[in-house]
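Nothing in this text is a laboratory measurement; each read-out follows from the coordinates by a stated rule. Because the structure is a prediction, the values reported are computed rather than measured. FYI the Cβ positions are ideal-geometry reconstructions off the backbone, even for glycines, and counts take in every protein chain you see.
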Amino acid sequence: MGMMFVLVVLFLVIVAPIWLILHYATRNSASRRISSKDEAMLEELHEMARKMEDRMHTLERILDADNPEWRSRP
């Protein structure tokens, strides 16, 4: 009976905390990865941002040609 008590205490003091730490560490690292759906959405957003930047540069060139002093207005 005494030996069983010692084994249970050792399990609860040494094995269980390490087991819990490793369990939640691997669980958290797995949740940090992005899914393929999220990756596709990020790629789409990146493409949309690139197109928007191109449009902005085009508009700035048009404004520069039409009214070169438009940037100095408040």
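Here are the numbers for the structure shown:
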| item | result |
| --- | --- |
| Estimated 222 nm signal from helices in the chain, with DSSP H stretches of n ≥ 4 weighted -39500 (n - 2.57), rounded to 500 | -26500 deg cm²/dmol |
| Cut-off 14 Å between beta-carbons: net charge of the residues surrounding Ala49, Lys and Arg +1, Asp and Glu -1 | -2 |
| Inter-part distance where segment 44-74 and segment 3-43 are each reduced to a Cα centre, Å | 49 |
| The chain: GluC sites (Glu not before Pro) in DSSP loop, at most 13 other beta carbons within 10 Å | Glu69 |
